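See structure below.
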Amino acid sequence: MKIIVDAFGGDNSPLAVIQGSADAVKTLGVNILLSGDENKIKQIAKDNNVPLDGIDIIHADTIIDIHEEPTKVIKEKKDCSMAVGLQALADDKGDAFVCAGSTGALVVGSTFIAKRIKGIKRPALAPIMPNEKGYFILLDAGANVDCRPEMIVQFAIMGSTYMSKVMGVENPKVGLINVGAEDTKGRDMEKESYRLLQQAPINFCGNCEARDIPSGSFDVVVSDGFTGNVTLKLYEGMAKFFSNELKSMLTDGFKSKLGALLLMDKVKTFKNKVDYKEVGGAVLLGISKPVIKAHGSSDARAFYNAIRQAKQCVEGNIIGTIKSNI
């Protein structure tokens with residue numbers, strides 16, 4: 001298996017990308033194709049004693065900055081590391097693509113270079129997030145601000161496929177984010193989505209109020225991209241808030257520090273559960289091959305897990321199953 005990785009996407013690139021890729025080759029048994037400036041990649045690897053065994057490089061002259069217009073990836077910057085990597089994916093030079101660069105550019109580039117699965121209206125950004133019972137998938141988390149009901153149904157089908165094939169959840173429970181549990185709640189979009197979701201080949205369990213998301217009542221949570229992105233950012237903010245509060249409580253005075261020593265294993269388990277570095281990234285579902293959007297501030301560990309996640313998508317035949325279900 002060969003995973004293509006944008007070597008110059010993210011705040012800590014290219015060193016963190018190279019380190020994470022080298023770890024993946026060693027531990028996961030995959031080959032890596034890095035897209036980016038070949039001379040810089042080789043020099044940085046040499047300076048930091050990172051082996052490039054099992055890693056090939058496809059040269060790209062430029063990068064696309066996170067502040068640039070996303071459409072530049074298919075217009076003025078076809079030679080950037082992201083575009084070159086996506087073109088390699090489209091040309092079957094790899095089985096999946098990992099990138100920590102601009103989310104907007106990645107959505108545009110994936111849609112127009114790697115292409116959508118036939119029949120999919122829009123790709124959906126789908127992060128894996130923690131809840132009381134394990135993890136759930138949220139989609140769309142921001143790729144499509146405005147959505148039609150039929151798109152929501154496709155999000156639900158794709159999310160169910162991922163949770164079943166990659167996360168091992170049997171018959172995933174699907175919920176539609178809404179302002180109430182009753183089927184009469186919400187805007188026209190939610191009401192029509194509810195009706196269509198009832199007819200879809202999924203385990204639709206009704207509307208999902210925001211307070212139901214952390215409890216683990218649903219394995220797949222669907223919404224339009226605007227609502228989904230607000231949900232994602234609030235969830236991330238609350239996780240950081242609770243982590244900071246917990247740290248403050250456990251380091252405030254001698255008794256607290258003593259208690260912290262006794263609870264350290266539990267604290268580490270909690271920390272890992274809410275740490276994006278341990279999950280990998282958000283899957284861009286609906287593209288003809290697996291695309292993983294790693295966090296912009298990913299370190300080597302996060303890139304390693306994003307590559308692991310890409311491998312799981314390939315092994316689980318996510319694309320083939322989505323095609324069949326759609």
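The values are calculated or read from the model by the stated rules, or taken from the named source; none is laboratory data. What you see is a predicted model; the values in this text were computed from it and never measured. No Cβ is skipped: glycine too gets one built from the backbone with ideal geometry, and neighbour counts run over all protein chains shown. Remember, those area values only see protein heavy atoms, side chains included, never the ligands or the DNA or RNA. Shrake-Rupley method; radii C 1.70, N 1.55, O 1.52, S 1.80 Å.
For (1) outside any loop (DSSP other than H, G, I, E, B); (2) touching a strand residue (DSSP E or B) at 6+ places or on another chain (Cβ under 7 Å), each residue gets a yes or a no:
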position	(1), (2)
Ile4	yes, yes
Asp11	no, no
Ala16	yes, no
Thr27	yes, no
Leu34	yes, yes
Test set (1) open to solvent by 80 Å² or more (accessible area, probe 1.4 Å); (2) under 20 Å from Arg148 (Cα atoms) - Thr227 fails condition number
(1)
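Each row is one residue, and each column tells you yes or no for (1) over 23 Å from Glu236 (Cβ atoms); (2) touching a helix residue (DSSP H, G or I) at 6+ places or on another chain (Cβ under 7 Å); (3) open to solvent by less than 40 Å² (accessible area, probe 1.4 Å).
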position: Phe136; (1), (2), (3): no, no, yes
position: Ala143; (1), (2), (3): no, yes, yes
position: Val174; (1), (2), (3): no, yes, yes
position: Gly186; (1), (2), (3): yes, no, yes
position: Glu192; (1), (2), (3): yes, yes, no
Scope region 274-298; condition open to solvent by 10 Å² or more (accessible area, probe 1.4 Å), within 18 Å of Asp23 (Cβ to Cβ) and either touching a Leu at 6+ places or on another chain (Cβ under 8 Å) or of a type in the set (Phe, Trp, Tyr) (or both); matching residues:
Tyr276
Sole exception among (1) more than 21 Å from Gln309 (Cα to Cα); (2) modelled with pLDDT of 95 or more; (3) open to solvent by 10 Å² or more (accessible area, probe 1.4 Å) for Ala60, by number
(3)
Can you confirm whether region 263-280 contains a residue that is in contact with a strand residue (DSSP E or B) (Cβ under 9 Å, 6 or more places away or on another chain) and β-branched (Val, Ile, Thr)?
yes
Residue count, region 108-122 (criterion: buried (at least 17 other Cβ atoms within 10 Å of the Cβ), among the hydrophobic types (A, V, I, L, M, F, W, C), without any contact (Cβ under 8 Å) to a residue 60 or more places away in the chain and closer than 15 Å to Asp91 by Cβ):
1
Among the residues of region 42-72, how many are in a helix (DSSP H, G or I) and over 20 Å from the mean Cα position of the chain (by Cα)?
8
Could you list all residues from region 101-158 that are more than 24 Å from Val73 (Cβ to Cβ) and of a type in the set (Lys, Arg)?
Lys133, Arg148
So is Asn207 more than 30 Å from Cys80 (Cα to Cα), of a type in the set (S, T, N, Q), open to solvent by 20 Å² or more (accessible area, probe 1.4 Å) and modelled with pLDDT of 95 or more or not?
no
